[in-house]
Amino acid sequence: MSESFGLTNQHPGGGNTTGGEMGALVRGYDWARTPLGPIAAWPQCLKTATALVLNSAVPIVMLWGPDGIMIYNDAYSVFAGGRHPRLLGSKVLEGWPEVADFNANVMKVGMAGGTLAYRDQELTLYRTGAAEQVWMNLDYSPVLDESGTPAGVIAIVIETTDRILAERRLNFLFALGEEFRRITDPTEITARATEMLGRQLRVAAVGYAGFDEQETIVTERCWHGGTMQNDAAVDPLNRFGPRIAAALRQGHSLIVDDVESDATLDDAERAAFAAQGVGAALAVPLVRNGRLTAILYADYPTQRRWTRDDEVVARDVAERTRAAVERAAVETAIRDSEERFRALVQASSDVIYQMSADWHELRELAGRNFIADTTHVSRTWLQDYIFPEDQKQVTDAIDEAIRGKSPFELEHRVRRVDGTVGWTLSRAVPLLDRNGEIAQWFGAASDVTARRQTQEHLRLLVDELNHRVKNTLATVQSIVTQVVRGMPHSEDVRGAIESRLGALSRSHDLLTRESWETASLQDIADQALRPFVDGNADQLTITGDEIRFRPKIALALGMAFHELATNAAKYGALSTSAGRIVITWSTADDRLRLQWRERGGPAVVPPEKKGFGSRLIERGLAYDLDGSVRLDYAPAGVTCDIEMPLAAGAPKT
Amino acid sequence: MNDKPLNGRRIFVVEDESAIVMLLEDMLEELGCELAAASARPAQAIAAIPRSTPIDAAILDINLDGQTSYDVADALAASGIPFAFATGYGSNGLKDGYAHRPVLQKPFTLVELERTLSHLIQR
């Protein structure tokens, strides 16, 4: 009598599919074993109600009779999960033992003719064996029999778990975002994140670890069901063995619902889980550019079915945590840097200033009582601090620094607090923005007035000394001239004296230019010989390494070159325009070897008697240089070889 | 040696060291020149310029016992008299505005003095 409640053959072509799978199950069920009895004996109201339930697309279960015998449709069978199809024909209190109290009340109210409605009712069900939080909209209404007496209860059951979870996830993430905005300390961020996720997922423990390039843990917090720990004992990467570590490194999440039954785990791994009291585990790694940067994990002591939602939330929290930690680290670094900068500014005796990118605006300047302070943005700083005649020099240096995005550095005059002239060594570096453009300039300027004054004083002293020395040389020249006047060869004598005084004076000039520190060998030779080849520079070639000598050696070499040149001008290579002098030198083993070579001059005849020049070169120079000098009047041209230890003449460092 | 172009030229000398004045005097004589006047102090030198005319050229020591001879240089320039500085400062010892003037480095030789004076008088 399957057609007796109108489920079959009523729609042409409907066949046995009418009422869906549940229609077939209901028709084939042995109802005789139940208080309802065989279908044929069902009252019309039950048949009608059953047809209504089976043909509805909305999940509906009917609880018939005082025991609440369950008859439900396809949509409800999905909701029933693992309980289906055992639920069909069973008593509601037995079919859903975990919510028996709730259903007892439903039956009581419904069978009394009342209705019940619940919105987003939270229930814990064990549809698949494991505990599950579910939310449902529940509507209960009585089904009346022919006499108008409630014979059963119809329940429309719409599960809202997905919507509720989505809402809760959104709320949770929103709250997490609020927390991250509030917290600035990286450790506190991870502490809050793990705690909030732990409470959200209702797990036993949640931990977060950030890794650096060497895979060293840099941030780690672990929340254990209400207590926060910095749990160095837990290594989130390696805690379950190398195979799981390798998978995490590659970005694969670890999802274990039940350690004991999980076929993907080997015995060693299972033992590792057990040793840590973990029955179910979820771990999401964050991998960036192929490198593991963080792991977020959640532990549960017994089995638990992790949902797709759990993993999504965990991954989202992990990513937000990492971002917040990184942001906080950057902010902390900036704050520390600013504090250090402030401390530096306070501690520094330098003038500190900030300029706009184009230097038109001076934003701030702490003048240290050297120059005036500027506390408000100033566009007239150039006029305020720099004297008109120096402004171009300053702006030129600024333009160059801006063009090259390179540090500005200039020693220049400034108007001091009291209006007088001061000197400053000013340096500024450009701060570049994200796009590499100059955002502003930070500068420091030190007061070098005293040094400049000392330098100026020293320069005047050296000038005065030079003047005295030169006047003295000229006076000697005068005296000699007076003394030899009228004597035989007086003109030769005077010429010889004049020439040597001149050489001495020129060496003096060279050293004065170098502040009496050192002079280069090239310059010494050039200074001594240039006057002899005036107008025919080709006659002279000077080549050798750059080497510098102290004043004493420089003067001795200068005089020696002068004597050689004097001889060359009188008898040697410089006495004809075809003559050449080549001076070369090299350094090796801390010794200088210098060669003077004349050629192209008249045939050389050795002097009968060695004169002043020869003596000065062969004996005086060797003595002064602590070296050896060999002078050879070779017929083809005079040669002179000088060898000396470099230590004798090298500048003291 | 009196066939030289400097023959008979009157040279004005400003120099505070007597020995150097004597040297210049001897050298000028050798070149066939005549010492028009010698002064050791700037004010004295400026006053001496009109009295010593005609002057063909002048040699000025820059440092006159703590004073400089730039005022004298200006007075000479105003009178159109060519001059050279004699100095021990070196070529970079000249004040701005005078750097283009000829310089005779002390101590100078007879040849150098001759060259400098010839240069001044030719102009």
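Are there any trypsin sites (Lys or Arg not before Pro) in segment A:469-551 that are in a DSSP loop and have at most 12 other Cβ atoms within 10 Å? List them by number.
A:R485
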- Query: Under unit Cβ charges (Lys, Arg +1; Asp, Glu -1), what dipole magnitude, rounded to 20 debye, does chain B have relative to its Cα centre?
  - Reply: 380
- In nm, to one decimal, how far is the modelled label at A:E215 from the one at A:T302, with both set 7 Å along Cα→Cβ? 3.6
- Message: Considering the Cα positions of segment A:132-285, please state its Rg to one decimal place and its Dmax as a whole number of Å.
- Response: 22.0, 81
- Between the residues B:Y70, A:L36, A:Q393, the Cα farthest towards the positive end of the dipole of the protein assembly as shown, that dipole coming from +1 and -1 charges on the beta-carbon of Lys, Arg, Asp and Glu, is from B:Y70
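How much mean residue ellipticity at 222 nm does the protein assembly as shown get from its helices, if each DSSP H run of length 4 or more adds -39500 (n - 2.57) and you divide by all residues, to the nearest 500 deg cm²/dmol? Let's see the in-between values first.
Numbers: 23 runs with 307 residues, N = 776.
Taken over the protein assembly as shown, the calculation gives -12500 deg cm²/dmol.
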- Query: According to a simple spin-label model (label point 7 Å from Cα along Cα-to-Cβ), what is the distance in nm between A:R340 and A:R468?
  - Reply: 5.2
- Message: If I histogram all Cα-Cα distances within chain A using bins 10 Å wide from 0, what percent of pairs lands in each bin?
- Response: 3, 10, 11, 9, 9, 10, 8, 7, 7, 6, 5, 4, 4, 3, 2, 1, 0
- Note on the structure: So, with points 7 Å from each Cα along the Cβ direction, the A:S406-A:D492 label distance in nm works out to 6.0
- Unit charges on C-beta of K, R, D, E only; dipole of the protein assembly as shown, Debye: 680
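Kindly give Rg over Rh for segment A:429-544, based on alpha-carbon atoms, with the Kirkwood expression for the hydrodynamic radius.
Reported Rg/Rh, Kirkwood definition of Rh: 1.29.
With N residues in segment A:527-646, what two-decimal value do you get for its Cα radius of gyration over 2.2 N^0.38 Å? Don't skip to the answer; put the middle values down first.
Values: Rg = 13.7 Å, N = 120, 2.2 N^0.38 = 13.6 Å.
Compactness ratio reported: 1.01.
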- Task: Just name one of A:Y633, A:I189, A:L286: the one whose Cα is farthest towards the positive end of the charge dipole of the protein assembly as shown (beta-carbon charges, Lys/Arg +1, Asp/Glu -1).
- Result: A:Y633
- Query: If each Cα of segment A:293-424 is one equal point scatterer, what is log10 of I(q)/I(0) from the Debye formula at q = 0.09, 0.13 Å⁻¹?
  - Reply: -0.50, -0.70
- Query: Any idea how far the Cα center of segment A:27-50 sits from the one of segment A:423-493, in Å?
  - Reply: 122
- Query: How many angstrom separate the Cα center of segment A:621-649 from the Cα center of segment A:59-81?
  - Reply: 121
- Message: Just to verify a number: FRET efficiency for A:D101 and A:L173, C-beta to C-beta distance, R0 = 30 Å, to 0.05?
- Response: 0.30
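Rounded to the nearest whole Å³, what is the per residue volume of the convex hull around the Cα atoms of segment A:458-610? Intermediate results must be reported in sequence, preceding the final value.
Values: hull volume 21.4 nm³, N = 153.
It is 140 Å³ per residue.
Hey, can you rank A:456-467, A:242-253, B:35-46 by average C-beta count inside 10 Å, highest first?
Details: A:456-467: 13.9, A:242-253: 15.7, B:35-46: 18.5.
So the peptides A:456-467, A:242-253, B:35-46, ranked by packing, come out B:35-46, A:242-253, A:456-467.
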- Task: For B:K95, list the lysines whose Cα falls under 23 Å from its own Cα; do not include residues on the same chain fewer than 8 positions away.
- Result: A:K392, A:K470, B:K106
- In order over segment B:9-17: 3J(HN,Hα) from phi, Karplus 6.51/-1.76/1.60, θ = phi - 60°, whole Hz, x for each Gly or Pro, gives 6, 9, 10, 9, 10, 10, 7, 8, 9
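Read the figures in this text as sums done on the coordinates, not as results from a lab. The structure presented is a predicted model; accordingly, all values stated were derived computationally and were not measured. Cβ: placed from backbone, ideal geometry, glycine included. Neighbour counts: every protein chain shown.
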